[in-house]
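First comes the structure, then the notes that go with it.
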């Protein structure tokens, strides 16, 4: 299903022309399709419907409160990686008992916050973290529910910056150390072992690495059961990729069938942590062309969006389709689409064939994940507005930041 399409040479988000949104709310701005968000979640819920499961949206991909509230209304839990993300869950009135807390560097304050809230589980990533949680839980008179994030040393076949399941990655507990770590956890007075967790990377377009990881987990689970350690859930993480260019994404029904086939006869609750898949193709960034310029070698489209608005292309040369919101039949040229930030790395796309003019609005597609969430105030630029479209309706779900807001926490001390 396509929730972003051209009609009469105008790009629409559901039933709303993108040009209308840009004119009303200004640029740069992020625009999301509510129907696309709902469709992504429903693919997971339907594919795993025959098995006890919980979809915990990995909110680091996009943590806008309205998007979180939408997923909560659909039955989602949340995968968080900071105390701030927990505060967002609490702010929308979601159930903290449907929250798993991942991440390698949980602070004492964050652990206390999560124990106070009553989260479902900590995904523990080191023996040092395990000892810290045990001590804090004891101090608070609580037992902390934990799973260990096991690093299965499986090659996710993705970009090295977003691969997390190899032995040289910072994430998780080494597979060879997992059994002894579980035994240590089971002996701790303030720890309740509830599950096992595994996340091997992001933007995966093949099912086989997921299957390989599950197979290694099952071997470890058998060893745990032999040692008298019984698990209640298996957290299979996230990482399913989306289409940015010419990728062939995984079909969620096929993914579910493969994983459930490996888990046949096992009576674990399955937890899943999709992030990018839920929001990536549900959003785009609208940006206006300020100038067209050329030198001896290149043509440039200088836009009002920048690397501070969408970091992915500058960070790891990620590709996003860029297209004008209004199509014309004029002659095209090949442009580098660049922003106004004072960095040569400030680009959203290179070598793009476009039919454009100064003042035109461009749509940077598949920008719903790690777009607004990674944005910054570099060069004292205000962060963009965010809009949510449903049918004919457009709601502003984040106001454009002001300079006054940026400066409000600073003190000019001599």
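Which order do the peptides 335-343, 269-277 take when ranked by the mean count of other beta-carbon atoms within 10 Å per residue, highest first? Spell out each step's value before the answer.
On the way: 335-343: 18.9, 269-277: 23.6.
Top to bottom by mean Cβ count within 10 Å: 269-277, 335-343.
For 355, 219, the sequence from fewest to most other C-beta atoms within 10 Å is 219, 355.
Just how many % of Cα pairs in the chain lie over 28 Å apart, if you round to the nearest whole percent? Walk me through the numbers on the way to the answer.
On the way: 43617 of 85491 pairs.
Summing the P(r) tail past 28 Å for the chain gives 51 percent.
Each of 113, 59 was scored by other Cβ atoms within 10 Å of its Cβ. Arranged with the fewest first, they read 113, 59.
Got the relative contact order for the chain handy, in percent, Cα pairs under 8 Å and 6 or more residues apart? Don't skip to the end; give the middle numbers.
Details: 908 pairs, mean separation 80.6, N = 414.
Normalised by residue count, the contact order of the chain is 19 percent.
Spacing of the modelled spin labels on residue 333 and residue 357, each 7 Å from Cα toward Cβ, amounts to 1.3 nm. From the alpha carbon centroid of segment 70-110 to that of segment 363-411 is 21 Å.
Between the helical axis of 108-117 and the longest alpha-carbon principal axis of the chain there is an angle of about 80 degrees. The label point for residue 97 and the one for residue 142, both projected 7 Å from the Cα toward the Cβ, are 1.4 nm apart.
Run through the DSSP bridge list for the chain and note the antiparallel percent, rounded to the nearest 5.
Working: 34 of 72 bridges.
Antiparallel bridges make up about 45 percent of those DSSP assigns within the chain.
State, as an integer percentage, the relative contact order of segment 1-137 based on alpha-carbon contacts under 8 Å between residues 6 or more apart. Across segment 1-137, relative contact order equals 15 percent.
Residue-normalised convex hull volume from the C-alpha trace of segment 34-277: 114 Å³ per residue.
Normalised by the residues of segment 34-277, what does the relative contact order come to in percent, with Cα pairs under 8 Å and at least six apart? Please list the in-between numbers first.
Details: 469 pairs, mean separation 49.8, N = 244.
The normalised contact order for segment 34-277 reaches 20 percent.
Helical content of the chain, expressed as a calculated mean residue ellipticity at 222 nm, amounts to -8500 deg cm²/dmol (DSSP H runs of 4 or more residues, -39,500 (n - 2.57) each, divided by residue number, nearest 500).
P(r) for segment 1-62: what percent of alpha-carbon pairs falls in each 5 Å bin, starting at zero? Once binned at 5 Å, the Cα pair distances of segment 1-62 give 4, 14, 19, 18, 16, 12, 9, 6, 3, 0. Dividing the Cα radius of gyration of segment 234-365 by 2.2 N^0.38 Å, with N the residue count, gives 1.39.
Taking the alpha-carbon centroid of each part, what is the distance from segment 301-328 to segment 214-244 in angstrom? Answer, in whole Å: 38.
Read the figures in this text as sums done on the coordinates, not as results from a lab. Everything numeric here is computed off the predicted structure, so don't read it as measured data. So basically every Cβ, Gly included, is an ideal-geometry build from the backbone, and we count neighbours across all protein chains shown.
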